[in-house]
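Notes to accompany the following structure.
Taken together, the values in this text are just the output of simple stated rules run on the coordinates, not laboratory data. These numbers come from a predicted model, not from an experiment. Here the Cβ positions follow ideal geometry from the backbone for every residue, glycine too, while neighbour counts run over all protein chains shown.
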Amino acid sequence: MKHQETISNMTLEQKIALCSGQSFWETKEFRELSIPSLFLSDGPHGLRKQEGEGDHLGLNSSVATTCFPTASAVSATWDVELITKMGEAIGKEAVKLGVNIVLGPGTNMKRNPLCGRNFEYFSEDPFLSGKLSAAWIHGCQSTGTGVSLKHFALNNQELKRMTTDVIVDERAMREYYLPAFEIAVKEAKPTTLMCAYNKIEGTYCSDNKRLLHTILREEWGFDGAVMTDWGAMNDRIDAFKAGLDLEMPSSKGSFDKKVKVAVENGSLDESDIDNCVDRLLTLIERTTRQKSGAVTENVFEDNHELARQIAQASGVLLKNNDILPLEKEAKVAIIGKLAESPRYQGSGSSQVTPTKLVSLLDGVKTYTKDVSFAEGYTIEDHVEEALQDKAVTLAEKVDVVILCIGLTDIFESEGFDRTHMQIPQNQIQLLHALSEVHTNIVIVVVGGSAIEMPWEKKGKAILHMQLSGQAGGQAAADLLFGAVNPSGKLTETYPLTYDDVVNSTYYQKNPRQTPYLESMYCGYRYFTSANKKVRYPFGYGLSYTSFDYSEMKIQRSNKGEMTVTATIENTGQRAGHEVVQLYVSPQTVGVYRPKRELKGFAKLYLEPGESKEIAIQLDTRSFAIYDERQSDWVVESGSYLLQLGANCEDIRLEENIKVDGVNPVRSDCSDWYYTLQGEPTKEDFLTIHEPYPEYVPKTKGTYDLSNSINEMKETSLVCRLIFKGIEKRIAMQTGGEVDYKNPEFKMLMDTSSDLPLKKMPLLAPDQMSFPVVHFILDTANGQLFQGLKKLIKKQV
Ligand code: BGC
């Protein structure tokens, strides 16, 4: 133990107290022990530092800081250096604002495109997400600022995120859901990790010893501290045993008494608490020596420029029928409300107050004076004929229409999921109307998650800017007018329709229990293996130039490591970046596994006519599968194709190699995992997973503290009244109306009314106490008098 001396000077009460926050954003200070408090603030695409009242959904004000593109956009840069710079820039702002730990990055997998928080996560690929997370962490921590890698683990939906129980087979967990965390932990040593709200196989992440101790610390060697997501604490005693160091935010000592009693009666070992204290003291040492010298006067100006550069690199050119780049001084009409009122980040805890904001309209005006603008549609999804007609009339007068469309705030938020993958119908209708009168339509798409694009043919070019941060409008114009050559490549698959997604029929079916029937077949792992056509594949993105791949070579070393090299030549007329992707594709049939998986990538810059060699390293893990019987990674002997591609379906070069390992053996499981034909069923799943008890929704009389007001309101008058009360209070906070189409209202309403009773005192200790939630529970179960009696005696 590193801090034996300090710990031996602490009372049990002090030790327990240190392991839970002081306020919404601060940890506790103990002056007498020279233990300072730490200040935490949200990330991950900028700092959300709140100086007034704190909240975890981005409702109350925060200090202005640089809003970078969100993770889903940033990942499209595939640029480790740039993302390191972004982490560093956010770290510097943290130093300037007195923030010790930034809550980010988020590196959960995109199991399904509808997850409301996909915009905050990097990619559907764990290798790429891991590498980019590590880069972000390296950058941020280089300033002495701490990070919190989140949300560990399997937080892959927002619907019922606080109670859902993820049922997942071991291979899917090891090969798909955990590697991004594993890579980031091993390569970047994050100071803290944030546990997720949900359960895994029946155990909440906060209490999950296998996850937080065995896998994280013993297997991966994590030496930082683990904190809860805000209000994610389930059972403080089990959490101490699991190695959960810090409860956030402060629950005003809700668990302290129980923990002390547990130590006194021997059901909790004091050494478990000492270990947590020891790790927290290390955390304090690591994050209170920030490098203030690195922060310049112009940090916000400099970071705005960096945000622009990252947004330029993250724009993905999806289509270009010889219309882009546009001529400078072209006569253009900018159409679309989103071009004037940009959507540049998602809603929820990551929402930053930007230092400035450049719209697409502002950006285009820096290239041509001949610009006119029409709104065309409203943000609320209903057609306004007058707006549409005005836009069509305007379009008739110009050479080029730049139409900005995409997801509006109501679609992407923390706290709820989307229900479909379409963009608003009024925008689509406008596009159809414009295409009747104009052929030169350039579509600029905004939005942080994959969408259906059945209207794709109507645009002559499509530039996808995603959620591109405060400088995104300028960056989009830089790309449209060719000041910068597009190089972004998608890091998630764009399917033809939502129905094509492997888990589309059961993703939200029983949100309290989520069996991952499809195992590791998500995103391109599914589409390529099932040979299903998509709109745009993983890794896809165009450029204003073209690249040729040649001379692929493989050099093997003794320890199973190898280097893949190839020559890339810029064969077009403009300088540009190319992202080369290396996939490993097993050819010998052994265990079931995806047809190909990304195991390396390289980004390079080439002048016209220039060639360079790329070199990508592989190791044994690049070929391995997780063997449950041995609880270890193994490589199956056989032949593997190493494929160099411009995206996961555009393989330009490949080489077959033989790899030695264990004997390949076909898995004794349902054929679905080999053929991927049709939908996986529970019967299929039970051939790769132990039987598990089905979740049966609770009814009156059996409700427990994991139930929410929303779940109990149909059968309980008290819960109905509380629900109405919540509605009223949130309406007052968000503009006076009960309006489920108002994104802020919906987010707050969904999260508050779906909050399990147990979490209420943790997130709002001033308004709700444990005795009161027990009383609500008793009345919901039809035991009003018993509840009242207990409340009066404060028995709970
Ligand atoms: C989010 C976290 C965030 C925390 C604090 C939670 O609702 O899931 O990502 O860091 O709030 O705002």
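Put a dot 7 Å past the Cα of residue 628, heading toward its Cβ, do the same for residue 555, and the two dots end up 4.1 nm apart.
Each label point was placed 7 Å from the Cα along the Cα-to-Cβ direction; for residue 767 and residue 397 their separation is 5.1 nm.
Would you work out which of 127, 378, 782 lies farthest towards the positive end of the dipole of the chain, given +1 charges on the beta-carbon of Lys and Arg and -1 on that of Asp and Glu, about the Cα centre? Checked the options; the winner is 782. Each of residue 692 and residue 51 was given a label point 7 Å from its Cα along the Cα-to-Cβ line. The distance between the two points is 4.7 nm. Dipole magnitude for the chain: about 1080 debye, using +1 per Lys or Arg Cβ and -1 per Asp or Glu Cβ, origin at the Cα centre.
Of all alpha-carbon pairs in the chain, indicate the percentage at a distance above 48 angstrom. Please report the intermediate quantities before stating the final value.
On the way: 58241 of 316410 pairs.
Percent of Cα pairs beyond 48 Å in the chain: 18.
Comparing region 195-257 with the 2.2 N^0.38 Å rule of thumb, its C-alpha radius of gyration ratio is 1.05 (two decimals). For the pair region 97-123 / region 28-43, the C-alpha centres are spaced 25 Å from each other. Judged by the ratio a/c of the largest to the smallest principal axis of the C-alpha gyration tensor, region 419-559 counts as oblate, that ratio being 1.5 or greater while a/b is no larger than b/c. Net charge of the neighbourhood of residue 63, taken over other residues with C-beta under 15 Å away and scored Lys/Arg +1, Asp/Glu -1, is 0.
The length gained by stretching the chain between residue 258 and residue 530 to full extension, at 0.36 nm per residue less their Cα-Cα distance, is 92.7 nm. By a straight-distance test (C-alpha under 15 Å), which aspartates and glutamates pair with residue 457 as possible cross-link partners, with residues fewer than eight away in the same chain excluded? Here the aspartates and glutamates satisfying the reach criterion relative to residue 457 are 322, 436.
So if R0 is 60 Å, what FRET efficiency would residue 565 and residue 23 give, r being the distance between their Cβ atoms, rounded to the nearest 0.05? Show your work: numbers first, answer last.
Working: r = 54 Å, r/R0 = 0.90.
Result of the calculation: an efficiency of 0.65.
Separation of region 187-227 from region 77-94 is 25 Å, based on Cα centroids.
Within the shell defined by Cβ-Cβ distances under 10 Å, the residues around residue 372 carry a net charge of +1, with Lys and Arg each +1 and Asp and Glu each -1. Shape analysis of region 510-579 places it in the oblate category; the axes a ≥ b ≥ c from the Cα gyration tensor give an a/c of at least 1.5, with a/b not above b/c. Summing charges over all other residues whose Cβ lies under 13 Å from the Cβ of residue 2, with Lys and Arg as +1 and Asp and Glu as -1, gives -3. With a Förster radius of 45 Å applied to the beta-carbon distance between residue 292 and residue 270, the computed FRET efficiency rounds to 0.75. Take the cross-link list 110/189; 2/758; 2/199; 15/96; 49/356; 260/758 and give me the ones stretching past 25 Å between alpha-carbons. Result: 2/758; 2/199; 15/96 exceed 25 Å. When shorter helices are ignored and each DSSP H run of at least 4 residues is given -39500 (n - 2.57), the per-residue value for the chain at 222 nm works out to -8000 deg cm²/dmol.
With R₀ set to 56 Å, the beta-carbon distance separating residue 784 from residue 341 gives a calculated FRET efficiency near 0.70. With 0.36 nm allotted per residue and the present C-alpha distance subtracted, the residue 385-residue 509 stretch has 40.9 nm of extension available. Stretched out straight at 0.36 nm per residue, the stretch from residue 548 to residue 792 would grow longer than its current Cα-Cα span by 80.1 nm.
Whole Å is fine, so just give me how far the alpha carbon centre of region 574-593 lies from that of region 311-331. Measuring centre to centre over Cα atoms gives 28 Å. Isolated cysteines of the chain, defined as having no other cysteine beta carbon under 4.7 Å away, are 19, 67, 115, 140, 276, 404, 522, 648, 669, 719.
Rounded, prolate or oblate: which one fits region 757-796, using the alpha carbon gyration tensor with axes a ≥ b ≥ c (rounded when a/c is under 1.5, else prolate when a/b beats b/c, else oblate)? Before the final figure, lay out the partial values.
Details: a/c = 3.08, a/b = 1.65, b/c = 1.87.
Verdict is oblate for region 757-796.
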